[in-house]
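**Q** Have a look at this one.
The values are calculated or read from the model by the stated rules, or taken from the named source; none is laboratory data. Keep in mind that what you see is a predicted model, and the values were worked out from it rather than measured. Cβ placement follows ideal geometry from the backbone for every residue including glycine, while neighbour counts extend to all protein chains displayed.
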2 protein chains.
Amino acid sequence: MTLRELTQRIVDDKNFLCVGLDPLIERIPPPHAHNPIETIEYFLHRVIDRTRSHCVAYKINWAFFERYGSKGIALIERIIQYIGPSHFLIADAKRGDIGHSSEQYARAFFEHFGVDAVTVSPYMGLDSIRPFTEYEGKCAIVLALTSNPGSADFQLHPCADDTRLYEIVVRQLSEAFSPEQLMFVAGATRGGMLRRLRAIAPDHFLLVPGVGTQGGQLEEVWKYARRRDGSGLLVNVSRGILYARGNGSWEEAVEQAARSYRAQMQTLYPSAL
Amino acid sequence: MTLRELTQRIVDDKNFLCVGLDPLIERIPPPHAHNPIETIEYFLHRVIDRTRSHCVAYKINWAFFERYGSKGIALIERIIQYIGPSHFLIADAKRGDIGHSSEQYARAFFEHFGVDAVTVSPYMGLDSIRPFTEYEGKCAIVLALTSNPGSADFQLHPCADDTRLYEIVVRQLSEAFSPEQLMFVAGATRGGMLRRLRAIAPDHFLLVPGVGTQGGQLEEVWKYARRRDGSGLLVNVSRGILYARGNGSWEEAVEQAARSYRAQMQTLYPSAL
């Protein structure tokens with residue numbers, strides 16, 4: 001799905017839910033197959049079946065697959081096929097390297113794996129990001145303000161012009177790359193800063209992790225991070241959906257969690273939108 | 001090879017050459033096999049055969065393999081076996097994520113692939129780096145000052161306390177993690193800054209890319225970046241060795257380039273060391 005199609009889908013469905021696929025073998029309910037790859041594959045098929053109609057995007061967390069080396073990466077290839085073109089597909093892989101290496105990563109993610117966006121760290125500068133911005137309909141998602149405690153170490157470091165590092169990053173990158181080329185990651189756990197970030201980059205998409213398990217509130221995120229057209233925002237939920245539990249089967253609990261996030265999102269949209 | 005063994009090897013051989021494996025199908029001399037993976041595998045076997053006795057470390061640039069998806073990652077697994085335990089093995093993969101994802105990456109690189117070090121971006125802070133520092137004999141190699149033009153965008157950004165961002169990164173991380181846990185990437189293309197970085201972190205290893213194709217001078221790097229014990233420095237050369245050409249065969253040119261870098265390094269060591 002292209003970024004343009006995603007934008008329209010969000011407005012049409014009043015829904016900006018991205019389901020994060022971070023499969024942890026230790027948390028997958030039994031029965032388990034004789035090898036972890038098969039167990040994870042079965043689990044993810046059921047998760048995708050149960051969430052497909054409630055979300056607009058999936059985010060694949062590379063770490064949880066790469067743990068199994070080439071077999072884990074082959075599983076990613078099959079999962080991408082299983083999801084198909086109906087959703088916006090994000091490779092959460094946190095890449096970024098000198099230009100000629102970033103070019104190879106961009107080929108990997110956009111040509112080989114065929115995803116629609118890939119997360120990128122900004123530390124190495126604009127030339128490390130550029131190769132990810134040069135594919136029509138696809139984009140880089142650059143880390144600006146992350147949801148972990150360590151984000152305070154450097155992202156919030158005060159800079160000479162009385163701003164924080166993340167503000168410098170967002171300002172420079174939103175000037176250099178259009179909203180069609182680049183999104184930002186902005187953690188839900190830092191509400192007031194979400195507002196400042198949105199003020200600096202009024203037109204770029206924000207991908208917001210950290211709602212649910214990490215403690216961010218959906219309503220606050222909507223208030224601070226949405227774009228004026230009611231789109232421009234994706235909220236990612238991983239563990240809060242994958243490992244949801246209820247009175248029925250785990251599959252029902254997963255579906256119920258996704259349905260509930262979508263319903264909450266729809267209530268946030270004023271009827272006029 | 002552990003970091004301790006690497007330190008000793010460098011002093012014994014007066015040699016701190018790391019060969020970077022960035023195989024680009026478009027630059028590999030003919031004849032080519034019927035698929036790129038086989039062509040690259042044959043090429044890398046010959047490069048490793050010809051450079052093995054002239055270097056102390058190999059650096060595998062993940063981007064150039066991931067371009068081929070799971071088959072490229074499977075090739076990495078075979079190349080790591082081919083090199084064996086005789087050299088310090090670096091996964092140049094530029095990772096870093098929230099703690100529980102970084103834990104999975106650390107498992108991938110140190111347990112599954114079995115490398116000795118992995119490059120990590122510092123943008124997400126200390127908790128994103130820590131999981132890579134908790135394996136005995138292995139370490140994180142954190143981007144501090146990179147060799148690309150874009151490194152000026154954020155790494156050299158002035159901070160409130162009249163220092164540059166890379167200095168903040170090096171100060172905080174060298175205080176938080178020991179030289180057994182963490183190295184820094186410090187580009188050869190910025191000589192004066194190499195000296196400042198070495199002054200902030202006198203005891204940590206520096207991995208210096210950018211010598212050769214990118215224009216950094218070996219003698220200047222040795223002068224500014226070595227540790228007092230004559231170790232603590234790795235200089236990486238990728239394209240300057242992989243695509244070296246001379247009067248004889250390409251294999252001879254590759255070996256001659258590696259031999260020549262090693263010989264230059266040995267002349268830098270005073271006889272007393």
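**Q** Looking at (1) surrounded by fewer than 22 Cβ atoms within 10 Å (Cβ to Cβ); (2) farther than 17 Å from residue B:22 by Cα; (3) in contact (Cβ under 8 Å) with a residue 12 or more places away in the chain, which one does residue B:199 not meet, given that it meets all the others?
**A** Only one criterion is unmet by residue B:199, namely (3).
**Q** Out of B:203, B:153, I need the residue that is on the phi < 0 side of the Ramachandran plot, part of a helix (DSSP H, G or I) and at pLDDT 95 or above. Which one?
**A** B:153
**Q** Among the numbered criteria (1) surrounded by fewer than 23 Cβ atoms within 10 Å (Cβ to Cβ); (2) at pLDDT 95 or above; (3) of a type in the set (Gly, Ala, Ser), which one does residue A:93 miss?
**A** Condition (1) is where residue A:93 drops out.
**Q** Looking at segment B:139-161, can you tell me whether even one residue there is touching a helix residue (DSSP H, G or I) at 6+ places or on another chain (Cβ under 7 Å), farther than 24 Å from residue A:94 by Cβ and touching a residue at least 40 places away in the same chain (Cβ under 8 Å)?
**A** No, segment B:139-161 has no match at all.
Matching residues to (1) within 16 Å of residue B:88 (Cβ to Cβ); (2) aromatic (Phe, Trp, Tyr); (3) assigned to a helix (DSSP H, G or I):
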{"residue": "B:124", "(1), (2), (3)": "no, no, no"}
{"residue": "B:127", "(1), (2), (3)": "no, no, yes"}
{"residue": "B:174", "(1), (2), (3)": "no, no, yes"}
{"residue": "B:184", "(1), (2), (3)": "yes, yes, no"}
{"residue": "B:189", "(1), (2), (3)": "no, no, no"}
{"residue": "B:192", "(1), (2), (3)": "no, no, yes"}
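**Q** So which residues in segment A:10-36 are over 16 Å from the mean Cα position of the chain (by Cα), assigned to a helix (DSSP H, G or I) and touching a residue at least 12 places away in the same chain (Cβ under 8 Å)?
**A** A:11, A:13, A:25, A:27, A:36
**Q** Any chance segment A:104-122 includes a residue that's touching a Leu at 6+ places or on another chain (Cβ under 8 Å), under 16 Å from residue B:150 (Cα atoms) and in a loop (DSSP other than H, G, I, E, B)?
**A** Within segment A:104-122, one or more residues are touching a Leu at 6+ places or on another chain (Cβ under 8 Å), under 16 Å from residue B:150 (Cα atoms) and in a loop (DSSP other than H, G, I, E, B).
**Q** Given the conditions (1) farther than 23 Å from residue B:110 by Cβ; (2) surrounded by fewer than 22 Cβ atoms within 10 Å (Cβ to Cβ); (3) over 16 Å from the mean Cα position of the chain (by Cα), which single one is not true for residue B:178?
**A** Residue B:178 satisfies every listed condition except (1).
**Q** If you don't mind, there's one more thing I want to ask. Checking the condition among the basic types (Lys, Arg) and free of Cβ contacts under 8 Å to residues at least 40 places away in the same chain, which residue from B:67, B:46 passes?
**A** None of the others qualify; the one that does is B:67.
**Q** Could you check segment B:58-101 and list, in sequence order, the residues that are closer than 19 Å to residue A:95 by Cβ, part of a helix (DSSP H, G or I) and touching a strand residue (DSSP E or B) at 6+ places or on another chain (Cβ under 7 Å)?
**A** Those that are closer than 19 Å to residue A:95 by Cβ, part of a helix (DSSP H, G or I) and touching a strand residue (DSSP E or B) at 6+ places or on another chain (Cβ under 7 Å): B:76, B:101.
**Q** Being small (Gly, Ala, Ser) and more than 7 Å from chain A (Cβ to nearest Cβ): is that true of residue B:150 here?
**A** In short, no.
**Q** Do we find a residue being buried (at least 20 other Cβ atoms within 10 Å of the Cβ), charged (D, E, K, R) and within 14 Å of another protein chain (Cβ to nearest Cβ) anywhere in segment B:104-116?
**A** Within segment B:104-116, none of the residues are buried (at least 20 other Cβ atoms within 10 Å of the Cβ), charged (D, E, K, R) and within 14 Å of another protein chain (Cβ to nearest Cβ).
**Q** Would you tally the residues in segment A:78-102 being at the interface with another protein chain (Cβ under 8 Å from one of its Cβ atoms), charged (D, E, K, R) and out of contact with any Phe, Trp or Tyr (no Cβ under 7 Å at 6 or more places or on another chain)?
**A** The qualifying residues number 1.
Per-residue answers, yes or no, for (1) without any contact (Cβ under 8 Å) to a residue 40 or more places away in the chain; (2) crowded, with 17+ Cβ neighbours inside 10 Å:
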{"position": "B:203", "(1), (2)": "yes, no"}
{"position": "B:208", "(1), (2)": "yes, yes"}
{"position": "B:229", "(1), (2)": "no, no"}
{"position": "B:236", "(1), (2)": "no, yes"}
{"position": "B:241", "(1), (2)": "no, yes"}
{"position": "B:251", "(1), (2)": "no, no"}
{"position": "B:258", "(1), (2)": "no, yes"}
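**Q** Which one of B:7, B:39, B:2, B:51 is within 21 Å of residue B:240 (Cα to Cα), among the β-branched types (Val, Ile, Thr) and under 18 Å from the mean Cα position of the chain (by Cα)?
**A** Just one listed residue meets the conditions, B:51.
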